[in-house]
Each structure stands twice: as C-alpha cells, then as structure tokens.
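Below is one structure, written out as structure tokens, with a few remarks after it.
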Amino acid sequence: MYQVISTPRRMALTAALMLAASALPVAGLDSDVAVFRVPDGSIITLLHDQPMRMFLQARFEQGRVAGAAGSLVTVTVNVNQDGRQLIRTTRADRALPSLNHPDVIAYTQIANGAWTPARVLSINWGTGAVGVETPSNAGKVRVYYTFGDGEIVLRAGRPFGGSSGAIQIYRTSARGLHETDQVDRDTAPYAVRSPQPIPQMFNFSIAVRAASAVYFDGLARHEVNIAATETAVNVTDATMLAELAERQLKGV
C-alpha cells in the first residue's frame, strides 16, 4: 500500500497554507471556506495532544453614496442583521481608534480601486454597530469581524470519488470556539481525540454553517494553527490507501 521513507516532521496547518474555497459560502449550509490539499507522497497526521488555535473573521460589505474627495466621514456599519452576530473574544484588546483590533477591522474602496485599511473608531458589542473612518469619496466599506452565529467544522476526504463526500472531524459552535480562552491549555480546543492521518491528495477543509459569510480573501485576519506531522511515503496502491483512510476518518 505504502512505505514510509522519512521520519515524521512537526508542522502546523495554518491559514497561510490554505487556499480559499472555489465556491461562495451559502448561509445556513456547511460551506467550505478554506482547503488544504495533502501533497502527493505525503501523509498529514492531525495530533490529539496539542491544542489548536482558531479565530475566523466573517465579512460584511456596505455601499454608500460617495461624496467629494478630500475629507473623512464616520460611517456606521450595522453588522448584526439577518442572523449575523459580532462578538468579542478573549484576545488582548486594542484601544480605539485602531487599524489592528483583533476582532474587528475595516477597509474602504474608492471607485472600484484597491481595498484600503480604515480605522475602526467605535464598536458596540451589543448591537454590532461599527464606526469606520471613511474617505468621503469611498463608495464601499467592508468590516471583518469575529462572529458568534452558526457553527465551524473541520472535515477531510477525497476531492472526488469518495463514497460519502467530506467526513466531519470536528464541529462546534462559532460562539463557543471564539469565546474560549485558547491560550489556557485546560480550556483550549483540540481538533481530534486521537491521531488522525490524512493521506496524499485528500482535502482537509474548514467549513462554516452560519448567516455570517467567511472568505479567505487575503484581507480577513484569520488565525488558524492546527498541530500535525508530515510523513513522506512511497505509495504503491493509492486506491487502497484512500479506502483505508476513509474508514479511519469515519471511525470504522
């Protein structure tokens, strides 16, 4: 089936290693938002004895009537609508105004140009209203926020040809995950309860089921760190290896 040709090396699955999902998220359905494909000739094993760190930011965009250039105005973006929920995590806070608050950041766009970082002036944690410092001639404002509605899922499986699609590895509420003190080892989340190997050409993905929409678009400041090892292998029967991996992921 396969031969091990290297000792396992420690690694971490991070946001930087993951690609944005090709399909847009759908509210209320498990939607892959980021995918890591295990390289050919490798087995990635998720570790059960190391806590993971994960904070995801959802995106909400609001249009406005652009005015004349040359001045700044405060635009209020009301995130908490249609089931979306902005929440505060236990991460170290930053005084406002800020370009780098851990839970809420903002961007503005002028005439379909590049998205430019904007200062967050105020955050109402109860109502979800975010005050953003905006150039008067900007026509769009985006707020990225740590969200508390819905669920976050980790799953793995063959990108095609699997008997039952992606297999769930981990599922929790977004609020429960994001409000957890992930620095404290006693309360930090663990992705798996036992070592979980994922072989070559399988996809490991983060999925979200929420009203809030999550994108790995290069602007959101997602924190993802899942402890793993990578082992180089010489695969002699890829089909058998994939079948065995599917059974192990399903726990059968």
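The values are calculated or read from the model by the stated rules, or taken from the named source; none is laboratory data. Predicted model, so just to flag it, every value in this text is computed and none were measured. A quick note on method: Cβ atoms are made from the backbone with ideal geometry, for glycine too, and the neighbour counts reach across all protein chains shown. For accessibility, only protein heavy atoms count, side chains too; no ligands or nucleic acids. Shrake-Rupley method; radii C 1.70, N 1.55, O 1.52, S 1.80 Å.
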Practice prompt. Calculate for the chain the 222 nm mean residue ellipticity that helices alone would give, adding -39,500 (n - 2.57) per DSSP H run of length 4 or more and normalising by residue count, nearest 500 deg cm²/dmol.
Written response: -2000 deg cm²/dmol
Practice prompt. Report ³J(HN,Hα) in whole Hz for each residue of region 22-31, in order, from the Karplus equation J = 6.51 cos²θ - 1.76 cosθ + 1.60 where θ = phi - 60°; Gly and Pro get x.
Written response: 6, 9, 6, x, 10, 4, x, 10, 4, 10
Discussion item. Net charge within 10 Å of residue 87 by Cβ-Cβ distance, Lys/Arg positive one each and Asp/Glu negative one each, not counting residue 87 itself?
Written reply: -1
Discussion item. What distance in nm lies between label points placed 7 Å from Cα along the C-beta direction at residue 190 and residue 73?
Written reply: 5.4 nm
Worksheet item: Dividing the alpha-carbon Rg of region 1-149 by 2.2 N^0.38 Å yields what?
Response: 1.34
Worksheet item: Per residue, how much accessible area does the chain have with a 1.4 Å probe, in Å²?
Response: 47 Å²
Discussion item. As an exercise, identify the trypsin sites (Lys or Arg not before Pro) in region 167-252 lying in DSSP coil whose Cβ has no more than 11 other Cβ atoms within 10 Å.
Written reply: 185, 193
Item to complete: Evaluate E = 1/(1 + (r/R0)^6) for residue 114 and residue 236, where r is the Cβ-Cβ distance and R0 equals 41 Å; express this FRET efficiency to the nearest 0.05.
Response: 0.25
Worksheet item: Across the chain, where is the longest run that never hits chymotrypsin sites (Phe, Trp or Tyr not before Pro) in a DSSP loop with at most 15 other C-beta atoms within 10 Å?
Response: 1-124
Worksheet item: Once fully extended, how much extra length lies between residue 179 and residue 250, figured as 0.36 nm per residue of separation less the alpha-carbon to alpha-carbon distance?
Response: 22.7 nm
Worksheet, complete the sentence: Residue-ordered couplings for region 234-243, obtained by feeding phi - 60° into the Karplus form 6.51 cos²θ - 1.76 cosθ + 1.60 and rounding to whole Hz (Gly and Pro as x), are 9, 8, 9, 9, 5, 5, 5, 4, 5, 5
Worksheet item: Seen from all sides and averaged, what is the projected area of the convex hull of the Cα atoms in region 129-212, in nm²?
Response: 9.3 nm²
Worksheet, complete the sentence: Taking protein heavy atoms only, a 1.4 Å probe, and rounding to whole percent, the accessible area of the chain owed to carbon and sulfur comes out at 50 percent
Response to the item:
Scoring only Lys, Arg, Asp and Glu (+1, +1, -1, -1) among other residues with Cβ under 13 Å from the Cβ of residue 124 yields 0
Worksheet entry | Kirkwood estimate for region 69-113, i.e. one over the average of 1/r between Cα atoms, Å | 13.3 Å
Discussion item. Apply the Karplus curve 6.51 cos²θ - 1.76 cosθ + 1.60, θ = phi - 60°, to the phi angles in region 227-232 and return the couplings in whole Hz, x for Gly and Pro.
Written reply: 5, 7, 10, 10, 10, 7
Worksheet entry | Top of 150, 41, 67 by mean-square fluctuation, Gaussian network on the chain, Cα under 10 Å | 67
Fill in: Listed values [x] 20.2, 73; [y] 23.2, 72; [z] 20.4, 67, entry calculated as Rg and Dmax of the Cα atoms in Å
[z]
Item to complete: Name the long-range amide H neighbours of residue 138: under 5 Å, sequence gap of 5 or more, or other chain; modelled H, no Pro or chain starts.
Response: 67
